[in-house]
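The structure under discussion appears below in the form of structure tokens.
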Amino acid sequence: MTFPYRHEDNRLKDLAETPHEERVTIEGRVESEPSVFFSGRNKSRLQIRLLAGRHLVKAVFFNQHYLRNRLTPGMTITVTGKWDRGRQIINVSSFKEGPKQDGDDFEPVYSLKGGMHQKTFRRYIRSALDAVAAELEDCLPEKIRAEYRLPGIAEALVGMHFPRDAQHVKHARRRFVYEELLGYQLKMQAMKKIRKEAGRGAVLHYDVDQVRLFIESLPFELTGAQKRVVNELCAELKEPVRMNRLLQGDVGSGKTAVAAVALYAAITAGAQGALMAPTEILAEQHAQTLAEWLEPHGVTIALLSGSTKTKARRIILEKLASGELDLVIGTHALIQPDVSFKRLGLVITDEQHRFGVAQRRVLKEKGEDPDVLFMTATPIPRTLAITAFGEMDVSVLDEMPAGRKPIETYWTKRESLHAVLRRMGDELSQGRQAYIICPLIEESDKLDVQNAVDMYEQIRQYFGGRFRVGLMHGRLHPDEKEEVMREFAEGRLDALVSTTVVEVGVNVPNATFMVISDAERFGLSQLHQLRGRVGRGAHKSFCVLLADPKTEIGKERMQSMTETNDGFRLAEKDLELRGPGDFFGKRQSGMPDFKVADPVHDYRALNTARVDAERLVAGEEFWNDPEYACLRGMIEESGALSDERID
């Protein structure tokens, strides 16, 4: 179904109230003979005097000298164009002879390709509506339309394409927004219902006392948010329904500790656990941390990655298959065909957006319907979480551990780089480490940005060999990137110049200083993720944004970064300023491509649709009443009820 992306407002306006350079439609009487001026090849400028109400203005027509004989003094015309308030000129883009007609106040504008003209396409749309609108099946039952006072399908289509007035198009849009959001939420809720009714999933009767002792043995006290999420996960482990949950938490909110408790609970129930991370260094850090916490409680742990030696790998695989190993942590190596488990009960995927759907599914299929937990450090606003992860349960860590020091963030112009490097040198002199983040690898003719290679050379020259500086970017081989990151993590580099390939979860507690060059090129969420690489240790940390934003939105983003360390607040702000693309990429993570609805601005309708979808899917009427046949058909066509989607 094609809809206009906007409507031209052709209502007559008073020029006294029309701002400079705004598009305006006026009706007036021609007061002068047309004057035509030619310049260059086939270029002309026709000009007349036009009396519109009490305003005598110039109307200018470009390259339309053929109108000279049609525009005569005394005739009434209606013109639309850009208003030059200072010069009292309207540059005409379209005109009609005679006074303005009723019914064309709002003109649809479509996104067209292949040379199709707007007028031609409007004619086709009007013919199609005249022919079939009255016969179209309305997917929304009468009771739903009545409850929300939504127009029927025929009236709504006319309102979207050829509205009588502003209210007409507003109500038509409201109907299609709700219909789109309800259709999507019905798919999500149906998937969740079928999964739960299938009863698939192992019941893990974990040892409550042992889990309590484990939590007490941790070298810190869990936050209130961590306790809440742990309770959610443990309650779900006991149920005969497979867990399908997303755990989202800001950088440093303690997702690893929550994962450790859930894994330990599953292991006390006799199950095995698996944790998959996107890179070797991240997997190694998880393995080291979890070993410190879990091995004193008798848990056997192994690390499996691409660099695991053949003999060690064979031993690990044998122990996994026999059940001798309780927990394996690794990279994509975990999903190789020869990796098998005796009783895989809980699968955790860290930074889940870094893995494809097929990869995540392969790991799940290593067990008999194991519980599944996805973790992400990207704070996702609730409006988007409801939309993109509607078939999943969502847990949120929205509280930071006590004692974690906020990162002091400053915004300065690029010309202050040397002053920033002096401050960075002070930190490095105290034995600390620093990141310098750049948006590009090499120079670009299109973007005036400092690239990583040049920045690397500039910093090396500035410090003159006093400090060890490394360089990492996306064109390095994965093994080279791993090695550079390892050198930095182990303290063999003092400063690391990098593009955004530097890992999200890598833990370098000694890194206390970050410089982000050309910070205006990044969204708020990405800036916050980058900033989260520092502030992981006991020392005060700093982040400096080098930016010369040209727009008010750019300046507002920089200001927001200096005002808060709260990732969820920044995520909401980023959503407001940039839209959902910054969170999920162009076509990532299952974000639906709505034709009319906007999950950001239509968040109230989104919540209403979710509540309605939950209620409908849970009731017998929806699945049996012929009135809901069209909505049921939308679910079936999407494949939401197939076994593959449920998995």
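The values are calculated or read from the model by the stated rules, or taken from the named source; none is laboratory data. Note that the coordinates shown come from a computational prediction; the quantities given were computed from them, not determined experimentally. No Cβ is skipped: glycine too gets one built from the backbone with ideal geometry, and neighbour counts run over all protein chains shown. All accessible areas refer to the heavy atoms of the entire protein, side chains included, with ligands and DNA or RNA removed. Shrake-Rupley method; radii C 1.70, N 1.55, O 1.52, S 1.80 Å.
Of the residues in segment 205-228, at least one is in contact with a helix residue (DSSP H, G or I) (Cβ under 6 Å, 6 or more places away or on another chain) and assigned to a loop (DSSP other than H, G, I, E, B).
If I filter segment 554-562 for residues that are crowded, with 20+ Cβ neighbours inside 10 Å, of a type in the set (Lys, Arg) and on the phi < 0 side of the Ramachandran plot, do I get at least one hit? Taking every residue of segment 554-562 in turn, at least one turns out to be crowded, with 20+ Cβ neighbours inside 10 Å, of a type in the set (Lys, Arg) and on the phi < 0 side of the Ramachandran plot. Of all residues in segment 473-492, exactly one satisfies the criterion of being modelled with pLDDT of 90 or more, open to solvent by less than 40 Å² (accessible area, probe 1.4 Å) and not in a helix (DSSP H, G or I), namely GLY491.
With respect to the conditions (1) open to solvent by 40 Å² or more (accessible area, probe 1.4 Å); (2) of a type in the set (Phe, Trp, Tyr); (3) at pLDDT 95 or above, PHE568 lacks only one, and its number is (3).
Restrict the check to segment 36-58 and report whether at least one residue is over 29 Å from HIS117 (Cα atoms) and polar (S, T, N, Q). No, every residue in segment 36-58 fails to be over 29 Å from HIS117 (Cα atoms) and polar (S, T, N, Q). Summed over segment 621-646, residues that are modelled with pLDDT under 90 and part of a loop (DSSP other than H, G, I, E, B) total 4. Put simply, of LYS100, LYS96 the only residue that is under 30 Å from ALA16 (Cβ atoms) and not in a loop (DSSP other than H, G, I, E, B) is LYS96.
Out of GLN458, GLN430, I need the residue that is surrounded by fewer than 20 Cβ atoms within 10 Å (Cβ to Cβ) and modelled with pLDDT of 95 or more. Which one?
Values: GLN458 fails: modelled with pLDDT of 95 or more.
That would be GLN430, the only listed residue that is surrounded by fewer than 20 Cβ atoms within 10 Å (Cβ to Cβ) and modelled with pLDDT of 95 or more.
If you check HIS297, HIS286 for being surrounded by fewer than 22 Cβ atoms within 10 Å (Cβ to Cβ), on the phi < 0 side of the Ramachandran plot and in contact (Cβ under 8 Å) with a residue 60 or more places away in the chain, only one passes: HIS297. LEU575 passes every criterion in (1) open to solvent by 10 Å² or more (accessible area, probe 1.4 Å); (2) more than 24 Å from ILE281 (Cβ to Cβ) apart from (1).
In segment 304-313 there is at least one residue that is over 24 Å from LEU246 (Cβ atoms), open to solvent by less than 10 Å² (accessible area, probe 1.4 Å) and assigned to a strand (DSSP E or B). Restricting ALA271, ALA265, ALA225, ALA257 to those that are touching a residue at least 40 places away in the same chain (Cβ under 8 Å), within 26 Å of LYS405 (Cβ to Cβ) and open to solvent by less than 10 Å² (accessible area, probe 1.4 Å) reduces the list to ALA225.
Answer yes or no: is there a residue in segment 597-620 that is at pLDDT 85 or above, charged (D, E, K, R), more than 25 Å from the chain's Cα centre (by Cα) and open to solvent by 60 Å² or more (accessible area, probe 1.4 Å). Yes. Residues in segment 498-543 that are aliphatic (A, V, I, L, M) and either open to solvent by 10 Å² or more (accessible area, probe 1.4 Å) or part of a helix (DSSP H, G or I) (or both): 7 in all. There is at least one residue in segment 325-347 that is touching a strand residue (DSSP E or B) at 6+ places or on another chain (Cβ under 9 Å), among the charged types (D, E, K, R) and at pLDDT 95 or above.
One residue alone among GLY201, GLY183 is modelled with pLDDT under 95, on the phi > 0 side of the Ramachandran plot and out of contact with any His (no Cβ under 9 Å at 6 or more places or on another chain), and that residue is GLY201.
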